[in-house]
1. Just the accessible area per residue of the chain, please: how many Å² with a 1.4 Å probe?
2. If Lys and Arg each add +1 and Asp and Glu each add -1, what is the summed charge of the other residues whose beta carbon sits under 12 Å from the beta carbon of VAL166?
3. Going out from 0 in 5 Å bins, what whole percent of all Cα-Cα distances in region 289-359 drops into each bin?
4. Roughly speaking, what is the stretch gain from LYS361 to LYS245, that is 0.36 nm per residue apart minus the C-alpha to C-alpha distance, in nm to one decimal?
5. What is the pair-distance distribution P(r) of the chain, computed from all Cα-Cα distances in 20 Å bins starting at 0, with each bin given as a whole percent?
6. Applying a 10 Å radius around every beta-carbon, put 367-380, 205-218 in order of their mean neighbour count, most first.
7. Give a quick list of chymotrypsin sites (Phe, Trp or Tyr not before Pro) in region 141-184 that DSSP marks as loop, anything other than H, G, I, E or B, with at most 14 other Cβ atoms within 10 Å.
8. Using 0.36 nm times the number of residues separating ALA61 and ALA115, minus their current alpha carbon distance, what extension gain do you get?
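The values are calculated or read from the model by the stated rules, or taken from the named source; none is laboratory data. All of these numbers come straight from a predicted model, not from anything done at the bench. Quick reminder, even Gly has a Cβ in these numbers, built from the backbone with ideal geometry, and neighbours come from all protein chains shown. These area figures cover heavy atoms from the full protein model, side chains too; ligands, DNA and RNA do not enter into them. Shrake-Rupley method; radii C 1.70, N 1.55, O 1.52, S 1.80 Å.
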Amino acid sequence: MNYKIKKILLTLISLSFLVANAQDSFLIENVKVFDGNTIIKSTSVKVENGIIVEISKKIKASREAVVIDGKGKTLIPALSNAHVHAWSAETLNEAAKAGVLNVMDMHGVETYQSAMRQLKDSTNYARYYVAGYAATAPDGHGTQFGFPSPTLSKPEEAAKFIEDRVNADVDHIKIIVEPWKATLDSETVAELIKEAHKAEKIAVVHVSRLDDAVDVISNDADGLVHIWWDKELEPTKLQELSESKSFFVIPTLLTTLKVFEGMGASAYKFLKKEQLLAEVKKMYDAGIPILAGTDPPNVGINYGTDLYKELELIFESGIPIMEVLKAGTSNITKAFGLEHTGFIKEGYTADLILVDGDPTKDIKNIGNINTVWKKGKQVKR
Ligand SMILES: [Zn+2]
């Protein structure tokens, strides 16, 4: 090849490499950071090829770098929603636009889910983690949604049920205990949890009654996808559970309050809003991780911005604001074992939200989103 042409070609190749890089490489300067754990008052965060490579006040911008002034802004890890039912790519797009980049599905049609899961590397969609079909009894809660789903009724069927979910390549196992309809008995739930753990999957459980919550936690459930509605947990029981078991709670306060609203006067027999919030605060005080989830599309809740309302409710319960931010970020990625996301740390994926103002001072500011990056690429909003 002619030397001159070769040189031009090489220049073109390296130029296109630079252009490709520029999209997911940038530096944010003078920014306040909540890193998923703690606050750094003012620093710089350098992203290269979609990865957070350096966090330091001392970073010097190189000449070709895209530099963003973070003054008056706060950088936080992308949000996650620990309880959704997503039915289309659009719902994952709605989440991503609101800065929610990981969503945990808690019951859906396995055959529909694989295409949506393949969007995990697409910038404008939340990553989709699934339970596949939830475990429930024949005619139990979860069978009323108009799609056929497998059911079981005795402990002997648990191993096969979990094997089928594993073959469908699910991320976690969801179990339903809902005694207002036909429901699984305690022995079957215990066996499902045991089989899930054998298959190295976490098992989370839908409950609405305190006694069921205590029972499934005693049987080693990893998490509850709602808080109970019916009565208050005794301090001695809470202490016993928190000391002997390791579990998290996704209280879905917004969902529960909306359900009560819909019930009107007949909700009188359940806990009041203040009592529900107090149950969440009690859990937090006992060292139990609280995770934000909103259960869309139930009761008209959306996949994106409604998560901010859940964070506000968790804050209203009296939990410190940094812990509320963890509930929407790092607590979820830790609980579900998602790697390299949910924190702003060197070596982590650049799943970031730049917020105008300071959500570490006022949780309402979380809605003032300036920019969302997924793996260093800007989400179109
Ligand atoms: Zn749900």
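1. 45 Å²
2. In short, -3.
3. Percent of pairs per bin, in order: 3, 15, 21, 25, 22, 10, 2, 0.
4. 38.5 nm
5. Answer for the chain: a P(r) of 28, 53, 16, 3, 0 percent.
6. 205-218, 367-380
7. Qualifying residues, ordered by number: PHE145, TRP180.
8. Result: 15.5 nm gained on full extension.
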